[in-house]
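Before any comments, here is the structure.
The values are calculated or read from the model by the stated rules, or taken from the named source; none is laboratory data. Here the structure is a predicted model, which is why all the values come from computation and not from measurement. Backbone-built Cβ (ideal geometry, glycine too); neighbour counts: all protein chains shown.
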Amino acid sequence: MQTQSHFLMTAAALTPLRQRPWLGATEVAGLLTGAVLPDLPFFVLTLGGEAYYRWIATPPPTAIIMEYLHFTLFYTDPLWIGAHNFFHSLLINSALLVAGWWGWRRRGSRVDRFVFWAAVAMLIHVFIDIFTHHSDGPLILFPVDWNYRYSSPISYWESGAGGQTFFIFEIILNLVLVAYLAVAYWPTIRRRWRRKTPAPSSKR
Ligand SMILES: [Zn+2]
């Protein structure tokens with residue numbers, strides 16, 4: 001799914017839990033970071049690749065740079081494969097989960113708690129991606145296996161795998177989630193805003 005959908009779904013899932021004592025600022029920061037972190041290298045490489053092939057290197061053999069980045073380098077270039085799949089790997093995220101849990105139990109530090117909850121969110125992100133990608137799914141066994149991708153019958157974008165229908169579903173889902181978050185957090189935002197705005201002075 002699209003990165004913003006991962007973020008909105010995580011934020012909405014946390015909303016009814018926000019009064020729970022175990023859900024502090026570190027946990028929320030870890031979960032929201034983990035919801036989007038797997039996709040961030042893709043954006044950095046896309047922006048960097050666009051700039052590089054436009055202004056520095058000779059343009060790629062295909063006419064459109066974006067196509068070269070997303071349909072050639074994405075599958076063949078070690079930098080692209082490594083950066084995009086590092087936090088999309090079930091193996092790496094499971095190792096982070098165990099390391100975070102172990103450190104949390106042993107030291108109880110905020111960093112360990114952050115790593116644990118970020119790993120939880122990244123694993124959820126990967127499970128959602130596994131079932132919404134047809135030919136470009138994550139390399140879930142990276143770095144042990146650089147080829148295996150589960151081919152889901154549903155894709156969030158490929159027209160041959162229901163991508164057009166899913167695209168509409170995803171837009172509606174995001175609108176519903178934004179509306180839900182707006183309703184849920186509007187009273188808090190208004191309260192804070194009122195507290196910050198000074199009362200109008202009677203003096204001229
Ligand atoms: Zn992803």
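Here are the numbers:
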| item | result |
| --- | --- |
| Inter-residue pairs, beta-carbon under 6 Å, first within 16 Å of the ligand (Cβ to nearest atom) and in the range 1-19, second not aliphatic (A, V, I, L, M), 6+ apart | Met1/Thr132; Met1/Tyr156; Thr3/Asp39; Ser5/Glu170; Ser5/Asn174; His6/His125; Leu8/Asn174 |
| Residues that are of a type in the set (Ser, Thr, Tyr) and under 20 Å from Thr188 (Cα atoms), drawn from the range 1-29 | Thr10, Thr15, Thr26 |
| Residue among Thr58, Thr72, Thr46, Thr62 that is within 18 Å of Pro138 (Cα to Cα), of a type in the set (Val, Ile, Thr) and modelled with pLDDT under 95 | Thr72 |
| Residue in the range 153-161 that is closer than 24 Å to Phe87 by Cα, more than 19 Å from the chain's Cα centre (by Cα) and loosely packed, with under 13 Cβ neighbours inside 10 Å present | yes |
| Single match in Ala95, Ala35, Ala29, Ala99 (criterion: surrounded by 16 or more Cβ atoms within 10 Å (Cβ to Cβ) and closer than 27 Å to Leu17 by Cβ) | Ala35 |
| Conditions (1) farther than 30 Å from Gly162 by Cβ; (2) touching a Phe, Trp or Tyr at 6+ places or on another chain (Cβ under 7 Å); (3) surrounded by 18 or more Cβ atoms within 10 Å (Cβ to Cβ): number failed by Val115 | (2) |
| Condition met for Asp136 (touching a residue at least 60 places away in the same chain (Cβ under 8 Å), under 25 Å from Gly34 (Cβ atoms), in a helix (DSSP H, G or I) and of a type outside the set (A, V, I, L, M, F, W, C)) | no |
| Filter result for Leu90 (away from the ligand (no atom under 16 Å from the Cβ), modelled with pLDDT of 95 or more, in contact with a helix residue (DSSP H, G or I) (Cβ under 8 Å, 6 or more places away or on another chain) and not acidic (Asp, Glu)) | no |
| Pairs with Cβ under 7 Å, 6+ apart, first in the range 42-60 and surrounded by fewer than 13 Cβ atoms within 10 Å (Cβ to Cβ), second assigned to a helix (DSSP H, G or I) | Arg54/Ile65; Pro59/Tyr53; Pro59/Ile65 |
